[in-house]
Structure formats: C-alpha cells, structure tokens
Amino acid sequence: MSPFAAASGPESCQDRPPTVLLYDWDNTLVDGWAGIAAALNAVFIVFEMPHWTADDTRARVRVSLGESFPAMFGDRWTEARDIFYAALASQHLNHVRPMQGAAEALTAGRAWPQGVVSNKSGKFLRAEVAHLGWEAYFGAVIGAGDAAADKPDPAPIHLALGRLGATADRSVWYLGDTALDMQTARAAGVTAVLIGDASHDLGVDRAAPDLHFRSAHALAARLGSLAMG
C-alpha cells in the first residue's frame, strides 16, 4: 500500500512539486495538547466545569480562542481568556513535542519556502517554534490574531504567503490534520494536504483532502523525492 494517496481527477497534484509549503502547528508538526488541556482545565476549575483530557482537547479544539470562548463562557469569556493565557504562558513549553517525522519533513521541505499558519495565539506559537529551534525552517509564522481573521478564513494563509513573497494558487500546499485545515486551504485557493488519518476529526473522508499522507514520515519521503526531481 502506498504511504500516501491523492485525490483523483485533473486537480490531482501528487506528482507536481509544490512552490510553497505552509503547515498547521498542533497535531501536524507538534503535540502540545497536554499543555493546552492543562490551561483549559485551569479555566474550568474557576467556572466549575468538567475537566478535559488531552484526547478530549485534541478532539474538540478546532477554531481560535476568540471564536470558541464567547460560545463557551458567554459574557465572561474575556475573564476565561485571561486565565487560559496565564496558565498557558506558565507551562506550555514544558509540554510541546515534535510529532514523529515532523523534523524530517521540515528538513526535506527546505527545498521550498516554508511557513506555519495556526489558530494558536501568535505569541505562544512563535515561542514554541523558538523553543524547538525551528526558526530557520520558516519564513513566516502566523498565529491567531496576526491576520484580519483566523482559520477557516483564508486571511492567515494570504498573510503568510505575502511574507514569503508568494501568492495563492494550487502549487501552494497547506498541510494540516483536520477538516477545518482542508476547508481553510480550499478557501484560500491552495492545495489541501492532510497528514495522518484524521481519526480525531471523523476521518479522512470528512476532511476530503486534495492530497493525503498517512504520516509525516511519508510526507518527508515524498518531499525528498520531489526535491530530487
């Protein structure tokens, strides 16, 4: 069985090298869910809500805090936001770990401009990139609040591409782990690339990617092959 699969039809681009690689962050390049869960649980203690495990958090967190917290906490959402960010600032770097194969994929991807587009707050996102020593991989690191709107709006992808001196077209790959990431890519007019099986997000069929790699290791192998021509 091939380690990757591609959508069929004239839009299929598995054999064409990309011109730009943009990545989601959490659960695509890194596992930081324990830190996010701990920060959410600090909020839930104050609001007397049930705690979430890291797996709960992985399955439930999709959109940015600015979109999700008003729905979760109503008129007190800014209070919840401040508690969350204080808790996250105190310990998130203790939890962030590279996903298996992520470093190899980024190394193989150095043949093209690379960037990150995430719904994690830009401040915390850039701190995690620096903590892992990955700044040299990326020409743009865009988090929640950096663009005019957050994912699934295409604005963060367009901002990242602008900083890389590129424009949106199908030669740009946006790589993520959820249906929302694929929705964001399609809204921006770039190729939607799924990494992993999306089991935490109702599976591959729901995500409906243009390209699908079953792991970051498979992505690294493919990028290496494309880079060699």
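Quick one: would you say Val204 is without any contact (Cβ under 8 Å) to a residue 60 or more places away in the chain and either assigned by TED's automatic domain parsing to the domain that holds Asp55 or crowded, with 20+ Cβ neighbours inside 10 Å (or both)?
no
Report whether or not Ala111 is free of Cβ contacts under 8 Å to residues at least 24 places away in the same chain, surrounded by fewer than 22 Cβ atoms within 10 Å (Cβ to Cβ) and out of contact with any Gly (no Cβ under 7 Å at 6 or more places or on another chain). Steps first, please.
Values: free of Cβ contacts under 8 Å to residues at least 24 places away in the same chain: no; surrounded by fewer than 22 Cβ atoms within 10 Å (Cβ to Cβ): yes; out of contact with any Gly (no Cβ under 7 Å at 6 or more places or on another chain): yes.
No.
Take Ala80 and decide whether it is among the aliphatic types (A, V, I, L, M), buried (at least 22 other Cβ atoms within 10 Å of the Cβ) and more than 25 Å from Ala140 (Cβ to Cβ). Full working, then the answer.
Details: among the aliphatic types (A, V, I, L, M): yes; buried (at least 22 other Cβ atoms within 10 Å of the Cβ): yes; more than 25 Å from Ala140 (Cβ to Cβ): yes.
Answer is yes for this residue.
May I ask you to list the residues in the stretch 126-172 that are of a type in the set (D, E, K, R), under 23 Å from Tyr85 (Cα atoms) and touching a residue at least 60 places away in the same chain (Cβ under 8 Å)?
Scanning the stretch 126-172 gives Glu128, Asp150, Lys151.
Could you check, for the stretch 180-191, whether at least one of its residues is out of contact with any Ser or Thr (no Cβ under 9 Å at 6 or more places or on another chain) and in contact (Cβ under 8 Å) with a residue 40 or more places away in the chain?
Yes, some residue in the stretch 180-191 is out of contact with any Ser or Thr (no Cβ under 9 Å at 6 or more places or on another chain) and in contact (Cβ under 8 Å) with a residue 40 or more places away in the chain.
Considering only the stretch 196-215, state which residues are within 14 Å of Asp24 (Cβ to Cβ) and touching a Pro at 6+ places or on another chain (Cβ under 9 Å).
Answer for the stretch 196-215, where residues must be within 14 Å of Asp24 (Cβ to Cβ) and touching a Pro at 6+ places or on another chain (Cβ under 9 Å): Ala198, Phe213.
Looking at the stretch 148-170 only, could you name the residues that are aliphatic (A, V, I, L, M) and either touching a Gly at 6+ places or on another chain (Cβ under 7 Å) or loosely packed, with under 14 Cβ neighbours inside 10 Å (or both)?
Ala148, Ala160, Leu164, Ala168
Please identify the pairs in which a residue from the stretch 49-76 that is touching a residue at least 24 places away in the same chain (Cβ under 8 Å) has its Cβ atom under 7 Å from the Cβ atom of a residue that is β-branched (Val, Ile, Thr), counting only partners at least 6 apart or on another chain.
Correct list of pairs: Thr57/Ile36; Val61/Ile36; Arg62/Thr178.
Counting just the residues of the stretch 34-58 that are of a type in the set (Val, Ile, Thr) and more than 18 Å from Asn119 (Cα to Cα), which one comes out surrounded by the most Cβ atoms within 10 Å (Cβ to Cβ)? Talk me through it step by step, then tell me what you get.
Going residue by residue through the stretch 34-58, those that are of a type in the set (Val, Ile, Thr) are 36, 43, 45-46, 53, 57.
Still in the running and more than 18 Å from Asn119 (Cα to Cα): 43, 45-46, 53.
Values: Val43: 23, Ile45: 12, Val46: 12, Thr53: 12.
So the residue we want is Val43.
Output the residues belonging to the stretch 24-53 that are assigned to a helix (DSSP H, G or I), over 20 Å from the mean Cα position of the chain (by Cα) and among the aliphatic types (A, V, I, L, M). Quick ask: steps written out before the conclusion?
Just the residues of the stretch 24-53 that are assigned to a helix (DSSP H, G or I), to begin with: 33-47.
Next, from what is left, pick out any that are over 20 Å from the mean Cα position of the chain (by Cα): 41-47.
Scanning the stretch 24-53 gives Ala42, Val43, Ile45, Val46.
The values are calculated or read from the model by the stated rules, or taken from the named source; none is laboratory data. Only a predicted model underlies this, so the values are computations on that prediction, with no experimental measurement involved. No Cβ is skipped: glycine too gets one built from the backbone with ideal geometry, and neighbour counts run over all protein chains shown.
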